[in-house]
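Worksheet: the structure to be examined is printed underneath.
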Amino acid sequence: MSDPKNANTSGISILSEDDFSELEQPHPAIIMGTPPESAGSSGTSSALQGLKTAINKQQTAQTLPPLQPIGGKQPPQPAAVKPSPLQALGGKMRPVAPQPAAVSPKPVMPTITPAPATPVKPAEVKPVTPVTPTPVQAVKAEEVKPATVEPVKPEPVKAEEVKPAAVEPVKPEPVKAEEVKPAAAEPVKPEPVKAEEVKPEPAKAEEKPAEESKVASILTDGKINDKKVPMIAPPAMLGILGGGQLGRFFAMAAKRMGYQVTVLDPDPDAPAAAFADEHICAAYDDEAALEKLAQCAAVTTEFENVNAAAMVKLAQKTRVTPAGELVAIAQNRIDEKAAIRKASLPVTPYQAIRSREDLNANTKQLLPGILKTATLGYDGKGQRTVKTQTGLLTSLSSLAKDGPYILEKELDLRAELSVIVCRLDNNVVVTFPPAENIHDNGILAFTIVPARLPEELTKRAEVMAKHLAEKLDYVGVLAVEMFVVGDKQQLVVNEIAPRPHNSGHYTMDACVSDQFQQQVRIMCGLPPSRTSLIHPCCMVNLLGDIWGENGEEPDWTPLHKNPDTFLHLYGKKEARPGRKMGHFTVFAETADAAYEKAQNLFTSVCLGG
């Protein structure tokens with residue numbers, strides 16, 4: 001696998017009419033019922049935009065626009081119910097508890113045996129001739145044995161009958177995932193035609209496009225994660241590529257579990273270094289640094305823009321999760337879209353653009369659309385909205401040095417979801433409750449859990465996320481971001497992140513386990529913990545925009561005074577606009593109430609209490 005900067009750029013993803021109609025007609029596996037009146041969401045926080053205006057004008061809190069929670073009223077959420085073992089296993093049920101019901105030792109066999117023993121002795125007395133009936137009684141006693149044993153035999157039979165009955169509800173999940181294959185596979189068929197338009201590679205005209213072929217070879221390679229490894233126990237040393245806030249939380253989780261941590265990050269002030277046993281301050285492709293990191297019992301990553309080729313090399317000497325090949329796919333939006341389509345899941349209609357020659361009649365059908373750099377894009381970076389062909393050409397001219405690009409059709413976006421998948425193998429995979437996300441200028445602002453959307457839709461999102469992880473043979477924590485599109489509320493996979501995700505920070509306070517504990521467990525070969533939601537909540541990102549001009553921290557008093565609020569700061573020394581400096585999570589009785597409460601607290605912090 002080559003470095004992502006020199007990723008393969010051959011082949012073009014050109015869409016057919018079927019691609020453009022896939023979102024007009026509901027995906028068979030994702031058709032929802034009539035959406036509730038409250039399901040709509042613009043995906044952008046109007047309250048947050050009004051807040052920024054108020055801060056700039058130094059107005060009071062009364063000048064802010066009224067808070068308008070997105071979605072309908074959420075019914076009171078019950079306390080976490082003990083989750084069924086079926087959720088944690090994802091495969092065969094292990095009903096250990098019901099088995100004691102079939103208590104086979106219960107027949108009182110010992111009491112029957114001594115009964116005939118007592119009359120045997122007097123039977124030997126010669127004067128008593130009628131003693132002969134005594135053996136008859138013993139015979140009757142022996143006949144009682146099978147009589148008592150017979151009712152015992154059916155009981156184990158009942159217990160065996162319970163097993164298949166309990167397994168039947170579990171089987172529909174993989175069946176649903178398989179139902180996605182034929183429906184979403186249609187958009188892939190026109191892609192051989194795309195390859196025919198690429199003159200430099202006429203020999204591949206009857207095959208798949210270059211990026212699709214590249215993805216296919218990785219997805220069918222059974223050697224990525226098939227190596228059986230023993231469980232890694234504390235106090236083993238665990239390594240992580242990247243020392244940002246995600247690495248910081250990983251280190252904290254690992255240390256709580258008794259492991260040691262080595263962080264590789266070129267930043268001497270990396271937030272994760274404060275909790276690591278060793279900080280290797282070097283570039284991600286530094287040979288000496290990688291050699292030292294390879295001495296760890298296992299290695300993972302906190303973000304996808306590391307050197308994927310370095311991860312592949314590390315895997316030759318130690319265990320690496322996720323696989324470097326899969327990290328490389330997530331680094332390139334073109335490869336990423338191809339991988340999702342390879343898994344037979346719907347994606348936004350798109351076209352790869354590497355030069356002006358790639359612009360054609362199909363391009364017009366994608367307008368208005370969003371032009372994105374294929375690599376190194378996150379938090380809204382490297383993206384521009386284009387409405388006309390002229391605007392597209394202008395954007396290409398100004399971004400020429402950052403190509404290649406991908407042009408995605410602008411959709412009727414109603415809401416955004418994310419699902420955190422924790423997968424060890426096909427039989428051990430769990431998900432955290434799907435989260436509803438609200439962005440501001442391309443950066444996540446609020447995460448609301450449970451998502452204020454129909455339950456059938458959120459369950460479908462979990463099935464799709466698990467299906468994608470299975471098709472990728474993914475080992476580790478994977479974030480799958482999705483769009484809810486149109487009145488029919490179709491689910492479309494937007495992108496993936498091969499690591500814990502910003503939208504999963506709520507798990508640190510509101511779930512039985514959190515995404516960072518799961519990351520540690522899976523890389524050590526341990527099954528993931530339970531993921532039950534303890535309380536409805538809303539997570540709020542804290543960006544450097546609310547810090548003072550000279551780096552003064554905001555007044556956190558409103559958050560500390562609230563008993564249902566949990567503040568997390570990342571320990572970054574320099575605050576910059578758009579930089580994630582921390583977050584807080586707030587509990588409430590419903591998701592709507594949590595969102596409203598979070599906005600009020602955020603407003604209080606921004607306006608100085």
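Please treat every number below as a calculation from the coordinates, not as lab data. The shown structure was predicted, so the numbers you read here are calculated from the model rather than taken from an experiment. FYI the Cβ positions are ideal-geometry reconstructions off the backbone, even for glycines, and counts take in every protein chain you see.
Observations
- Members of 364/387; 387/409; 372/409; 292/313; 255/471 lying beyond 21 Å, as alpha-carbon distances in this model show: 255/471
- 509, 267, 412 arranged by Cβ crowding within 10 Å, fewest neighbours leading: 412, 267, 509
- The range 233-330, relative contact order [Cα under 8 Å, separation at least 6], %: 27
- Rounded to the nearest 20, the Cβ-based charge dipole of the range 233-330 about its Cα centre (Lys and Arg +1, Asp and Glu -1) stands at 440 debye.
- Taking a sphere under 9 Å around the Cβ of residue 481 and counting the other residues whose Cβ falls inside, with K and R at +1 and D and E at -1, yields a net charge of -2.
- Taking amide H positions as modeled 1.01 Å from N, with prolines and chain starts lacking one, the residues under 5 Å from residue 282 and 5 or more places away or on another chain are 265.
- If the convex hull is drawn through the Cα atoms of the range 233-330, its volume per residue in Å³: 80
- Over the range 470-541, relative contact order from alpha-carbon pairs under 8 Å, at least 6 apart, %: 27
- Neighbour counts of other Cβ atoms within 10 Å put 398, 344 in the fewest-to-most order 398, 344.
- Mean projection of the Cα convex hull over all viewing directions, computed for the range 535-577: 3.5 nm².
- Summed side-chain charge close to residue 296 - residues other than residue 296 whose Cβ falls under 13 Å, Lys, Arg +1, Asp, Glu -1: 0
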